[in-house]
Amino acid sequence: MLRSFSGAAVERVRHAGKKELLLAALAALIVAAALLLPSVAKHFGIERQALPEYSRDGVAAPTGEIDPHSGTVLLAESEGKELYIDTGTLNLKVVEPASGVEWNSLALDEKSGDAEKSPIVIKFLGKDSAMYEWDAYNYAIQNDRYTLNRIENGVQIVFDFSETESYRLNEYMPQKISIENYETLFLKKLEEKVAQGDVAPAQAKKYEEALGIAYQKDEANGLYFFKFSGLPPLSLVKDLINFSKEVEYTTEMLVADSQQFGITVTITQPARFVVTMEATLDRGDLVVKVPTYATETGNDFYTMQNIAVLPSFGLASADRVDDGYIVVPDGAGALFRVNTFNGKFPEYERPVYDNTFYNTLYEMPEFPENLTMPVFAMYYTDLRGTSQGHLGMIEKGAELAFVKVQLGTKDTSAGGTLYNKVYSTFDSMQYSRVKVFGPYSDNEARFLASTGLIPVDYQVRYKLFGEKVTYFDLAKTYREYLVNAYDLKPAFQATPKLFLDVIGTVTLEKRFLGIPYKEPYSMTKYDQLLAIMNDLQGVHTVVNYKGVFNGGLRNTIGNKAEPAAANGSGEAFDALRDAFDGESRTLFLNAELMRVADTSGGFWPKTNALYGYDGKPVEFMKYNYASGRFDPRSTKHYLLNPLFLSDTVDEFIERSKAYPNISVGDMGSAYYASYNPREIVDPVVSRSIVKENLKKLSEQKTIALDNPNMDTIPYIAYAANISRESSNYATMYSSIPFRQLVLNGLTEYTTLNVNMSSERSDYFLLQAFELGSIPKFTISAENVDVLKNSEYSDYFSMQYSTLQDKIKAVYEEYRRGLAEIGSKEIVGHRMLSDNVFETTYASGSKVVVNYNKYPVTISGSALDALGYLIQPKP
């Protein structure tokens, strides 16, 4: 019966018309939708917000135009400082009449180059994937292509960048040329020019060398071909362009030679950009703003990609300064000493907030530390004994910013310049050259993906110091700035504490009859953690319980707060929470609100995940330390598209009302953006969404964040995993705890893990005494042997039963030392010698720490390797 029914059905389908088939298909879809409605509703339970528009400050309204031939013009006065502009050179100068100190944006001496004469330098990207760089001096100032408008307390400079001639080599020289024409039009013509005296022999030799570098002879095909697959060095480009002009190689000749080999020559329209920069004096600070949305272009073939802002501001020339330092926010912070140029490492450039993350995602990071503070600084004393300094704070657009250092040298014969500089640049467009066949393909075929122009008011505030300052003064100034900007109330907790990361539920691979399957496994159940707390009676503890919600460390989407069943019963969970009084013991429950590893809970990667430059949902994995690439054996996870974050956080807040303290592992420092070409959510908008949601969380709960960026500090009570190190870049002079000095009193902060480090526990105690950092351990109740050969193998040496004596000993030494110091409020910090530092506390006590692996003697006092000395108030 069934067989005959099926046969009849087939016959009806064969003879049905289009209309009947469409109606049948529609009916089937309706039935399927009705059956699947609960499932569909679950998957689409994450609400998507509309793409927010960037809130623009707008361009300042001019109050009048300034004649470009006016000379030096006073623009503003504020709090003992005066702002001037030289209308011919566009040098911005701030003067402090009381001290006679001045800060200039340009270096205009006889030794300065074009870069030192340029208030901004732009880079722009062509659709041919070629990058170009123009400085304001060559492409605007010396051609009088700028407008000056007076605005309130300052000036608006409108630069009209335009090329006087093209530097696109393919518009001058052929990709292929016959051997006959190469010898006739190039070599013989050059000989004629030398014979006529139009070209000097030395210059002709230079041209011949350039031709030899650029072209390869192909006897078999009777031609010369251009050897470079990409762009050759700019110096070679200029030599070849000048050569084409000297031998009168015309565009018509170029087209004819190219057509012979089927090559089409495209002559691109000249590039042109109009860029607006505003400089004002605000409460004694110089404030510089570049609104990208005000940029105009004369040719859509090009897009503005990067702008360097005041690259020569406050520079120190090696022939005038011997004593000085540059401060960068690399890790905890680092110093460069002026005049230490090294040709092997000519400059330092790092992205703020790790903003190149998605472009470099598939290779292990080159630097061990990121830049979590949008600041940079320089301070020095010149040969006349005059001291000054400045602190640059990126107030807006830090998500796109870079900090760049160029060191000077007295001897420029081996390269380098006289000038020591630190400044910021920012990407007005982000881009990536994506491998067509995947990030690890040997095939180098690529396509260009970009965000297009990102609207942002990039703004830098320069705090100016007309006297001798130190890195501590700069950190204190930045801290005061944050207090005022966010209306913070500094508080200094003098109670000794320990911070414990406790590992709860993990997901391990098991096998049944040889068949692999995943199973949740708790490394620390509720009752086990309660037993640990009972063993730590009398120890002030802050616990961050990880792997507690939504399936554990391999979590589902965070729009719920479901306790992981493997950790124990609800009654055991309640008993554990009751043991924390919020004073001597505080329990934070860890939640991942952006990160999703298990997609079974209503998360669809194609719909809900953020996208990379390749136009696909980004699948994150652990790096393999041997290869430096993603380990395909590790569990992949995703990050939520920024437009789904707000609803996820709202749902989590609603469903976690019983839990007052939440630790968030992913919202503190994860670089956030989505590069889906159909809907780009740029980093500026994405970061605003993150901060909006952190604010909501902080209004309902007490928040701890992992290694947070400085812009999250207003929302948190604890900052975990704050490193004391920098990346130790080749030309760095020393690491300094700039970050901790800024955080002091704004939030409580911890060390890295004491027990999961190659360093001795003494190293972390030094940080506790030097900086008020809370020592931190990662622990579990179960033996870590079960994690061997799993993706959690990074968790080692953390079983509490083997650590309990060490934990108690560290706490006891810390408790005694802190009682002797009597305060955590830092009022002074200085470097006494290499890796030896002195901290002064508000109590009057001083602490000297020795981070060296050997003993030292300081002012008659002997310090052991990794030793410390507490000097109580007299």
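The values are calculated or read from the model by the stated rules, or taken from the named source; none is laboratory data. Every value quoted in this text rests on a predicted model; they were computed, and no experiment measured them. Quick reminder, even Gly has a Cβ in these numbers, built from the backbone with ideal geometry, and neighbours come from all protein chains shown. What goes into the accessible areas is simple: the full protein's heavy atoms, side chains included, and nothing from ligands, DNA or RNA. Shrake-Rupley method; radii C 1.70, N 1.55, O 1.52, S 1.80 Å.
The amide H of residue 827, built 1.01 Å from its N in the peptide plane, has 840, 841, 842 as neighbours under 5 Å, considering only residues 5 or more places off or on other chains. What the phi angles of segment 347-361 give under the Karplus curve with 6.51, -1.76 and 1.60, with θ = phi - 60°, is a coupling list of 7, 10, 9, 9, x, 6, 6, 6, 6, 9, 3, 7, 7, 10, 4 Hz, glycine and proline written as x. Averaging 1/r over every pair of different alpha carbons in segment 65-180 and inverting the result gives a Kirkwood radius of 16.7 Å. Solvent-accessible area of segment 663-781 (1.4 angstrom probe, protein heavy atoms only): carbon and sulfur portion equals 40 percent.
A quarter of the convex hull surface defined by the alpha-carbon atoms of segment 813-864 gives 3.9 nm² as the mean projection. The calculated Kirkwood hydrodynamic radius for segment 180-280 is 15.8 Å, given to one decimal from all distinct C-alpha pairs.
Listed values for segment 281-289 are Karplus-derived 3J(HN,Hα) couplings in whole Hz (6.51 cos²θ - 1.76 cosθ + 1.60, θ = phi - 60°), namely 9, 10, 6, x, 9, 7, 10, 10, 10, and x replaces Gly and Pro. Each principal axis of the Cα atoms in segment 628-697 has its own extent, and those three values, largest first, are 41, 30, 19 angstrom. Backbone amide hydrogens, once placed in the peptide plane, bring residue 46 within less than 5 Å of nothing, excluding anything fewer than 5 places away on its chain.
In segment 523-662, the C-alpha radius of gyration followed by the widest Cα-Cα span (Dmax) gives 17.4, 54 angstrom.
Using a ≥ b ≥ c from the Cα gyration tensor of segment 449-607 (square roots of the eigenvalues), is it rounded, prolate or oblate, where a/c under 1.5 gives rounded and otherwise the larger of a/b and b/c decides, a/b for prolate?
Oblate shape, in that a/c is at least 1.5 and b/c is the bigger or equal ratio.
Accessible area of residue 715 (1.4 Å probe, protein heavy atoms only, ligands and nucleic acids ignored): about 40 Å².
Restriction of the trypsin sites (Lys or Arg not before Pro) in segment 249-297 to DSSP coil positions whose beta-carbon has at most 15 other beta-carbons within 10 angstrom yields 283. Summarised as an ellipsoid, segment 275-388 has semi-axes of 28, 24, 15 Å, derived from the eigenvalues of the Cα gyration tensor scaled by 5 and square-rooted, with the largest first. Summarised in one figure, the compactness ratio Rg/Rh of segment 767-874, Cα atoms and Kirkwood Rh, is 1.10. Of the residues 115, 184, 268, the one whose Cα sits farthest towards the positive end of the charge dipole of the chain is 268 (charges of +1 on Lys and Arg Cβ, -1 on Asp and Glu Cβ, taken about the Cα centre).
Note on residue 341: accessible area approximately 50 square angstrom, rounded to 10, probe 1.4 Å, nucleic acids and ligands left out. Annotation: aspartates and glutamates with alpha-carbon distance below 15 angstrom to residue 193 (same-chain offsets under eight excluded): 183, 208, 246, 248. Of interest is the spacing of the C-alpha centroids, which for segment 719-791 and segment 100-174 amounts to 44 Å. Each peptide in 426-434, 767-775, 629-637 was scored by the mean count of other Cβ atoms within 10 Å over its residues; highest first, the order is 767-775, 426-434, 629-637. Mean residue ellipticity, 222 nm, helices only, the chain: the sum of -39500 (n - 2.57) across DSSP H runs of n ≥ 4, divided by residue count and rounded to 500, is -7000 deg cm²/dmol. For the peptides 239-249, 557-567, residues were scored by their other Cβ atoms within 10 Å and the scores averaged per peptide; the highest-first order is 557-567, 239-249.
Each Lys or Arg adds one and each Asp or Glu takes one away; over the other residues whose Cβ falls under 12 Å from the Cβ of residue 272, this sums to -3. Specify the inter-centroid distance of segment 670-691 and segment 186-239, based on alpha-carbon positions, in whole Å. Result: 47 Å between the Cα centres. Among all the aspartates and glutamates, which ones have a C-alpha under 14 Å from residue 696's C-alpha, if same-chain residues fewer than 8 places away are not counted? Cα-Cα hits under 14 Å: 647, 650, 651, 654. Residues whose amide H falls under 5 Å from that of residue 418, counting only those 5 or more places apart or on a different chain, are 409, with hydrogens built in the peptide plane. Once all protein chains are placed together, residue 863 keeps about 10 Å² accessible to a 1.4 angstrom probe. Once the gyration tensor of the Cα atoms in segment 705-829 is diagonalised, the equivalent ellipsoid follows with semi-axes of 26, 19, 15 Å, ordered largest first.
Largest to smallest in accessible area, the residues 396, 616 fall in the order 616, 396 (1.4 Å probe, all protein chains included).
Efficiency by 1/(1 + (r/R0)^6): what FRET value for residue 579 and residue 50, r their Cβ-Cβ distance, R0 = 45 Å, to the nearest 0.05?
0.50
Here is the result for segment 177-219: no trypsin sites (Lys or Arg not before Pro) lie in DSSP coil with at most 16 other C-beta atoms within 10 angstrom of their C-beta.
Among the GluC sites (Glu not before Pro) within segment 584-687, which fall in a DSSP loop and have no more than 16 other Cβ atoms within 10 Å of their own Cβ?
When the GluC sites (Glu not before Pro) of segment 584-687 are filtered for loop state and at most 16 Cβ neighbours within 10 Å, 619, 679 remain.
The HN-Hα couplings worked out from phi for segment 841-856 by the Karplus form 6.51 cos²θ - 1.76 cosθ + 1.60 (θ = phi - 60°) are 9, 4, 6, x, 6, 10, 10, 10, 10, 10, 7, 6, 8, 9, x, 9 Hz, whole numbers, x standing for Gly and Pro.
Taking all protein chains into account, the per residue accessible area for segment 261-314 stands at 33 Å² (1.4 Å probe). For segment 721-764, just say rounded, prolate or oblate: build the C-alpha gyration tensor, square-root its eigenvalues into a ≥ b ≥ c, call rounded for a/c under 1.5, and beyond that prolate if a/b exceeds b/c, oblate if not. Taking the square roots of the gyration eigenvalues as a ≥ b ≥ c, segment 721-764 is oblate.
Taking 1 over the mean of 1/r across every pair of different Cα atoms in segment 91-136, what Kirkwood radius in Å do you get?
Result for segment 91-136, one decimal place: 12.9 Å.
Here's the picture: charge each Lys and Arg Cβ at +1 and each Asp and Glu Cβ at -1 in the chain, and of 450, 401, 45 the one pushed furthest to the positive end of that dipole is 45. Histogrammed with a bin width of 5 Å, the alpha carbon distances of segment 125-165 distribute as 6, 20, 21, 18, 15, 11, 6, 3, 0 percent, first bin at zero.
Taking only the alpha carbons of segment 592-708, we obtain Rg and Dmax values of 14.9, 44 Å in that order.
Classified by the C-alpha gyration tensor, the chain has an oblate form. Its axis ratio a/c, with a ≥ b ≥ c, is 1.5 or above, and a/b does not exceed b/c. Calculated on the Cα set of segment 437-490, radius of gyration then Dmax: 21.9, 57 Å. Ligands, DNA and RNA are left out, and with a 1.4 angstrom probe the accessible area of segment 414-521 is 45 Å² per residue. Residue 161 sits among other residues whose Cβ lies under 12 Å from its own Cβ, and their net charge, with Lys and Arg +1 and Asp and Glu -1, is -2.
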